[in-house]
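Reading through the structure tokens given below for one structure.
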Amino acid sequence: MRIVLLGPPGAGKGTQAAVLSREYKIPHISTGDILREAVKSGAGIGLAAAAFMGKGELVPDKIVTAMVIERMGKTDAEKGFILDGFPRTLNQARELDEAMNKIPSKVDVVIYFETSSKTVINRLSGRRVCKTCGFNYHVKNIPPKEDGVCDKCDGVLFQRPDDKEGTVINRLEVYEAETKPLVDYYAKQGILRKVSGDMGVDDLFSVIFKIFAEEKLA
Ligand code: AP5
């Protein structure tokens, strides 16, 4: 089961990927998470990536593609994976196709989270993330039991620096210019399935689950 989740920032890709990964026992590969880890560790790649991420720009294709291809090659990804936040440019999509052809394999389905700007702005401005375990909350939609504290590990919740207003606007512009063209790219391959990112977490999961069943992936 090789899945790509595509959609604007804040559409809920990471939230669904975490649930799907648990349900289908395949790894959730998030380029955003991998890059944030690299930034935290102060590694060379992290230093290069930090400047782009802080401004809401895309990290250069070469860096990101190499990271993803290395991650996809690990044994836990042999039976499949969920790609969240990759590919994000036509160049990345073509490189992914090439890498899959070599295995040989292919992406089975691309779930496109069609999401209104109102939802996206609301989700990003309210997102809070646990500093310790990385679990995602939302101040209104998915609040923790205790304000500012993670339900799972008691870690401190914080706002991602790129979720601040000025950066969000740039991320949305970058999405429209660089990533939205992938909708056509995958529609032409006949593997794009649209869902509404405006739905609640459980309803959206049910819709995706049904798609996987229709595609005979589950
Ligand atoms: P990345 O971390 O990938 O950010 P993103 O794509 O902008 O996506 P988000 O994590 O913001 O949103 P999401 O769709 O996962 O939503 P979530 O589930 O968290 O990338 C960050 C940066 O890294 C990029 O700007 C770039 O610099 C760099 N980068 C990453 N990948 C790259 C690549 N391939 N190439 C180049 N550069 C790259 O949900 C959002 C909020 O809403 C949460 O609070 C959640 O609790 C809540 N929520 C989720 N679903 C629902 C729902 N259904 N109903 C109500 N609330 C919900």
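The values are calculated or read from the model by the stated rules, or taken from the named source; none is laboratory data. Predicted, not measured: the structure shown is a model, and the values here were computed from it. Note: ideal-geometry Cβ built from the backbone for every residue, glycine included; neighbour counts use all protein chains shown. SASA here: full protein model, heavy atoms, side chains in, ligands and nucleic acids out. Shrake-Rupley method; radii C 1.70, N 1.55, O 1.52, S 1.80 Å.
Remarks
- With all protein chains modelled, accessible area of D163 [1.4 Å, Å²]: 0 Å²
- Calculated on C-alpha atoms, the gyration radius of the stretch 68-180 divided by its Kirkwood radius gives an Rg/Rh of 1.04.
- Cross-link check: pairs K13/K74; K106/K216; K188/K216; K13/K118 evaluated at a Cα-Cα cut-off of 24 Å; no pair lies beyond the cut-off.
- Seen from S105, the other residues with C-beta closer than 12 Å to its C-beta sum to a net charge of 0, counting Lys and Arg as +1 and Asp and Glu as -1.
- The relative contact order of the stretch 2-210, computed from alpha carbon pairs under 8 Å that lie at least 6 residues apart in sequence, is 30 percent.
- Counting only heavy atoms of the protein chains and using a 1.4 Å probe, E57 has close to 80 Å² of accessible surface.
- Cut-off under 5 Å, modelled amide H: who pairs with D151 long-range: K145
- Using R0 = 35 Å, the C-beta based FRET efficiency linking V201 and D97 works out to 0.70.
- In Hz, Karplus ³J(HN,Hα) per residue of the stretch 198-203 (6.51, -1.76, 1.60; θ = phi - 60°; x = Gly, Pro): 6, 6, x, 4, 5, 5
- Residue-normalised accessible area of the chain, expressed per residue, 1.4 Å probe, Å²: 53 Å²
- In order along the stretch 211-216, the Karplus-derived 3J(HN,Hα) couplings, from 6.51 cos²θ - 1.76 cosθ + 1.60 at θ = phi - 60°, round to 4, 4, 5, 4, 7, 6 Hz, and Gly and Pro are given as x.
- Per-residue surface analysis assigns I103 an accessible area of about 100 Å², computed on protein heavy atoms at 1.4 Å probe radius.
- For R160, the residues whose modelled amide H falls within less than 5 Å of its own, excluding neighbours fewer than 5 places apart on the same chain, are V129.
- Of all aspartates and glutamates in the structure, the ones whose alpha carbon falls short of 16 Å from that of K102, not counting any fewer than 8 places away in one chain, are E70, E78.
- Kirkwood Rh and Cα Rg combined as Rg/Rh, the chain: 0.94
- Converting phi to 3J(HN,Hα) with the Karplus coefficients 6.51, -1.76 and 1.60 and the offset θ = phi - 60°, the stretch 7-13 yields x, x, x, x, 6, x, 4 Hz in sequence order, with x at every glycine or proline.
- Backbone amide hydrogens, once placed in the peptide plane, bring A218 within less than 5 Å of A213, excluding anything fewer than 5 places away on its chain.
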